[in-house]
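Asker: Let me give you the structure first, and then I'll get to my questions.
The values are calculated or read from the model by the stated rules, or taken from the named source; none is laboratory data. Please read these numbers as outputs of a predicted model, since none were measured by experiment. Quick reminder, even Gly has a Cβ in these numbers, built from the backbone with ideal geometry, and neighbours come from all protein chains shown. Quick note on the areas: whole protein, heavy atoms, side chains included, nothing else; ligands and nucleic acids left out. Shrake-Rupley method; radii C 1.70, N 1.55, O 1.52, S 1.80 Å.
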Amino acid sequence: MPTAWARPGHIGYVGPDLRPDTHSPPVAMLTVGLDGPLIVHTARGLIRTGSSFAPARTAHRVVATQGWILVLFIDPSSAPATMIADEMTAAAGAFGLSHRRERELVELCAEPVADPDLLYRRAIAGPYLGTDARIARLAAAIRDQPANALRADQIAANLGLSTGHFLHLFTQHCGTTFRGYQRWNRMVTAITHAVNGHDLTRSAIDAGFATPSHFSESFRAMIGLPATTMLGAGIHFDLGTRAVPHG
């Protein structure tokens, strides 16, 4: 059965290619073809590869030539993009190609029940040594309460920094923008609540989106397909503390 999961630090999917449109996630994304090569559609043309790494905010579209895929979104506060980028053995522009442990990742996904945490550990290049403690605390606060409307100028003032310096520091340590990280965590929260049986519209508002249309537009821009399509695709959702079948 196709499975999607959410864990502290990573979100993943193993299943058939859902054929998303071109999208630009605010976090880094690793895609592995489990039954055949991938075709990566980029602004510079097509790339054929077994696995593809896209840095945060890089517009692209990945198409499986056959069978299932693994998609792994990495929370930049848990593992900087370089920890996966360094495991790619080739490159084409901004994209990393051919993960060093590609075959192992494929084999792990072939298990009757794939282990999300093991997949994550094998995707990154060893333990994360940490980031700026101030940014780590802020990232944790965003994850814990994504609906809070945090303002960069106020946070910068509290840290004794200029707004520009703070925004640069956040992007440097998290690999994505302050605003993008907030929007990503709001989306994750909204989908998690919807999977748990709550109304999708109410979930989006409670997660901090101004309107349902704002959520829909953000989800499609980040994932490449409507939220309702994903929720209706017969995917088994594993939320870590509780596994919820949906669809």
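Asker: Could you tell me which of the residues G208, G197 is closer than 15 Å to P146 by Cα, over 18 Å from the mean Cα position of the chain (by Cα) and not in a helix (DSSP H, G or I)?
Answerer: Details: G197 fails: closer than 15 Å to P146 by Cα.
None of the others qualify; the one that does is G208.
Asker: Taking the stated definitions as given, is A227 touching a residue at least 12 places away in the same chain (Cβ under 8 Å), of a type in the set (A, V, I, L, M, F, W, C) and within 30 Å of V63 (Cα to Cα)?
Answerer: yes
Asker: Sticking with this one: Out of (1) open to solvent by 30 Å² or more (accessible area, probe 1.4 Å); (2) small (G, A, S); (3) closer than 29 Å to G15 by Cβ, the odd one out for G96 is which?
Answerer: Unmet for G96, out of (1) open to solvent by 30 Å² or more (accessible area, probe 1.4 Å); (2) small (G, A, S); (3) closer than 29 Å to G15 by Cβ: (1).
Asker: Sticking with this one: Test A194 against the stated conditions and say whether it is at pLDDT below 95 and either under 21 Å from Y13 (Cβ atoms) or of a type in the set (K, R) (or both).
Answerer: Taking the combined requirement at face value, the residue satisfies it.
Asker: Still on this model: Does A136 satisfy the condition of being at pLDDT below 90 and surrounded by fewer than 19 Cβ atoms within 10 Å (Cβ to Cβ)? So that I can check it myself, show each step before the final result.
Answerer: Details: at pLDDT below 90: yes; surrounded by fewer than 19 Cβ atoms within 10 Å (Cβ to Cβ): yes.
So A136 fits the description; yes.
Asker: If you don't mind, there's one more thing I want to ask. Please determine, by comparing only the residues of the range 1-39 that are within 24 Å of R179 (Cβ to Cβ) and in contact with an Asp or Glu (Cβ under 7 Å, 6 or more places away or on another chain), which one is surrounded by the most Cβ atoms within 10 Å (Cβ to Cβ).
Answerer: Top of the filtered list is V27.
Asker: On the basis of being in the same structural domain as A210 (by the TED database), in a helix (DSSP H, G or I) and in contact with a Pro (Cβ under 9 Å, 6 or more places away or on another chain), does R137 make the cut?
Answerer: Details: in the same structural domain as A210 (by the TED database): yes; in a helix (DSSP H, G or I): yes; in contact with a Pro (Cβ under 9 Å, 6 or more places away or on another chain): no.
Spelling it out, it is not the case that R137 is in the same structural domain as A210 (by the TED database), in a helix (DSSP H, G or I) and in contact with a Pro (Cβ under 9 Å, 6 or more places away or on another chain).
Asker: Identify all residues within the range 189-211 that are of a type outside the set (S, T, Y) and crowded, with 16+ Cβ neighbours inside 10 Å; write none if there are none. Even if it seems obvious, please write down each step before you answer.
Answerer: First, pick out the residues of the range 189-211 that are of a type outside the set (S, T, Y): 190-191, 193-200, 202, 204-210.
Of everything in the range 189-211, those that are of a type outside the set (S, T, Y) and crowded, with 16+ Cβ neighbours inside 10 Å turn out to be A190, I191, H193, A194, V195, L200, A204, I205, D206, A207, G208, F209.
Asker: While we're here: Look through R44, R7, R57 and report the one residue that is assigned by the TED database to the domain that holds A85, farther than 30 Å from D144 by Cα and at pLDDT below 95.
Answerer: Going through R44, R7, R57 in turn, just one is assigned by the TED database to the domain that holds A85, farther than 30 Å from D144 by Cα and at pLDDT below 95: R44.
Asker: Considering only residues of the range 156-188 that are β-branched (V, I, T) and modelled with pLDDT under 95, which is surrounded by the most Cβ atoms within 10 Å (Cβ to Cβ)?
Answerer: T176
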